[in-house]
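The structure appears right after this line, and notes come after that.
The values are calculated or read from the model by the stated rules, or taken from the named source; none is laboratory data. Remember, it's a predicted structure, so these values are computed and weren't measured experimentally. Here the Cβ is made from the backbone with ideal geometry for all residues, glycine too, and neighbour counts use every protein chain on show. Note: accessible area is taken over every heavy atom of the protein model, side chains too, but ligands, DNA and RNA are not part of it. Shrake-Rupley method; radii C 1.70, N 1.55, O 1.52, S 1.80 Å.
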Amino acid sequence: AASRTTCRWGRAGAGGGAWRGRAGADTVCAPAQGGGSAVIDMENMDDTSGSSFEDMGEMHQRMKEEEEEEAEGEAGAGEEEDGEFLGMKGLRGQLGRQVADQMWQVGKRQASRAFSLYANIDILRPYFDVEPVQVRARLLESMIPVKMINFPQKIAGELYGPLMLVFTLVAILLHGMKTSDTIIREGTLMGTAIGTCFGYWLGVSSFMYFLAYLCNAQITMVQMLSLLGYGLFGHCITLFVTYNIHFHSLFYIFWLVVGGLSTLRMVAVLVSRTVGHTQRLILCGTLAALHMLFLLYLHFAYHKVVEGILDTLEGPNMPPFQRVARDIPVVSNAVLNTTAKAIALTL
Amino acid sequence: FPGLADVSISQDIPVEGEITVPVGSHSPDEDFSTLDEPVKDTIMRDLKAVGKKFVHVMYPRKSSALLRDWDLWGPLVLCVSLALMLQGGSADSKDDGGPQFAEVFVIIWFGAVVITLNSKLLGGTISFFQSLCVLGYCVMPLTVAMLVCRLVLLAGAGTVSFIIRLIVVGAMFAWSTLASTAFLADSQPPNRKALVVYPIFLFYFVISWMILTFTPQ
């Protein structure tokens, strides 16, 4: 009997019925501690100030055992009435309050936990409702500029593709940092890459959304995130190719063609959703500049500089950015020229 | 319902019953017996469960044992050992150690959480911890690759050793990805398997990259 953990309620009263679901699910029903006396002291039963749930369970178990031992009707009938009376009375006291409080807390905790977990996931769920075919189609479309800019173009508010593209960009950056033979601790490399890519995606999206709000463009935040995210597809392709084939001219060609195509697409979609020449100019100029400059930054900040690497092999304490410092003045003019041309082209 | 009008319940028939809610799936006696058993038995049982899961990863078959009784002991051991082995790979011997261990740890667990969330958002039927368990256990081939890399680097750090390490890490990376795909892809709707496999591929690629670029000072 001492090892039983079931709470036996001899007479299920109104309050006891409510406990049916909870009894035994947690530790409230403690096992009975030894046998009880044959006579139940009614004054002790009435003492509800210090009685706990376990004591009530224990007392009821004792009562039940006594009933089983006796197996006569008359004593059982007497006990039954007392038991029922006891049950109702015990509930109304402090015990009832304690139990109700406990149940309320447990229920509230479970409900809030479930709500916070499932509500958070469910908010994002519609943005992940895609098929692989759709993702592939959108990836290819992100490189094709639309021609019709008088009619607002549809942007799919989807977050799976952009998120995967950001992670792919992180992976490509890490791969590129290795092929550039930079001797850095992998930890800061990883942190830098993740911070750069996510910072660009989230930060520039927010900034462009703010500008779009100022310029009265019809675009939501999720659409902006999606648009910019898919624009990173061009970046991924360019960096993947040029990290393995180290030619500056090849990089510039890719930068113009691939970067330009994805910029054109983003710009065209934005233009189709904005009215007014000044607003269109502001939005598209900013987006084009940021997009193209980011690709440049990624290439030159993380790229292996063939000319400078022999000069900058000054030891393992060299942080990576100083490696390219020598190269930048050499190409800075060319960079500025091509950047200006690219911006003029996109406008 | 005319027939029910005659039903009457006598007042002195008590309503009685038993509220017996099963505590867990076993009888309470077994719970008490696991409390009373010697500690060695408990530890051996857990170790056997962990070992069985390792065997499942070594030979990936479509079995549900890995998913049903998930535990995070194996992933923790693997993650800690991998992070410890990746320590000391920086060129600066002055201030290494701390951030590197933490970065590896954080990346493994953060990556696993992101993949799990992604698979749940795509409509997967697997639970959060089951997915974490599978991803963590499938890091085992990469831990083995790390061991092999360290041994190879003891012999020398030339081009040949780099090629050997590349082959070993590449093979283990493919093994990890296949093993975790075998477990996780089944829980997805059939036309979205590729969407779930791709982040797993990226995750193990990043870990493989960390292993391959490890150079002891």
Condition check: under 24 Å from the mean Cα position of the chain (by Cα), at pLDDT 75 or above, under 22 Å from residue B:179 (Cβ atoms) and loosely packed, with under 14 Cβ neighbours inside 10 Å. Does residue B:68 satisfy that?
yes
Across segment B:117-129, the tally of residues that are under 17 Å from residue A:130 (Cα atoms) and within 11 Å of another protein chain (Cβ to nearest Cβ) stands at 8
Segment B:194-217, subset open to solvent by 20 Å² or more (accessible area, probe 1.4 Å) and more than 9 Å from chain A (Cβ to nearest Cβ), residue farthest from residue B:107 (Cα to Cα)
B:216
When residue B:146 is evaluated against the numbered criteria (1) surrounded by fewer than 18 Cβ atoms within 10 Å (Cβ to Cβ); (2) over 23 Å from residue B:119 (Cα atoms); (3) among the hydrophobic types (A, V, I, L, M, F, W, C), which criterion, by number, is the only one it fails?
(1)
Sort out which residues of segment A:273-285 are outside any loop (DSSP other than H, G, I, E, B) and either of a type in the set (D, E, K, R) or under 29 Å from the mean Cα position of the chain (by Cα) (or both), and write them in order of number.
A:280
Residue A:162 fails exactly one of the following numbered conditions: (1) in a loop (DSSP other than H, G, I, E, B); (2) more than 11 Å from chain B (Cβ to nearest Cβ); (3) not polar (S, T, N, Q). What is the number of that condition?
(1)
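The rows are residues; the columns are (1) at pLDDT 85 or above; (2) surrounded by 13 or more Cβ atoms within 10 Å (Cβ to Cβ); (3) more than 26 Å from the chain's Cα centre (by Cα); (4) assigned to a helix (DSSP H, G or I).
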| residue | (1), (2), (3), (4) |
| --- | --- |
| A:95 | yes, yes, yes, yes |
| A:98 | yes, yes, yes, yes |
| A:103 | yes, yes, yes, yes |
| A:110 | yes, no, no, yes |
| A:115 | no, no, no, yes |
| A:119 | no, no, no, yes |
| A:122 | no, no, no, yes |
| A:138 | yes, yes, no, yes |
Give the number of residues within segment A:177-197 that are in contact with a helix residue (DSSP H, G or I) (Cβ under 6 Å, 6 or more places away or on another chain), at pLDDT 75 or above and either among the aromatic types (Phe, Trp, Tyr) or within 20 Å of residue B:86 (Cβ to Cβ) (or both).
2
Report the residue count in segment B:108-127 for those that are without any contact (Cβ under 8 Å) to a residue 60 or more places away in the chain, assigned to a helix (DSSP H, G or I) and open to solvent by 10 Å² or more (accessible area, probe 1.4 Å).
6
Do any helices (runs of 4 or more DSSP H) lying entirely in segment B:128-210 carry at least 2 residues that are among the polar types (S, T, N, Q), and which ones are they?
B:128-137, B:159-184
Evaluate segment A:217-227: report whether one residue or more is assigned by the TED database to the domain that holds residue A:173 and without any contact (Cβ under 8 Å) to a residue 12 or more places away in the chain.
no
What number goes with the only condition from (1) without any contact (Cβ under 8 Å) to a residue 60 or more places away in the chain; (2) open to solvent by 20 Å² or more (accessible area, probe 1.4 Å) that residue B:153 does not pass?
(1)
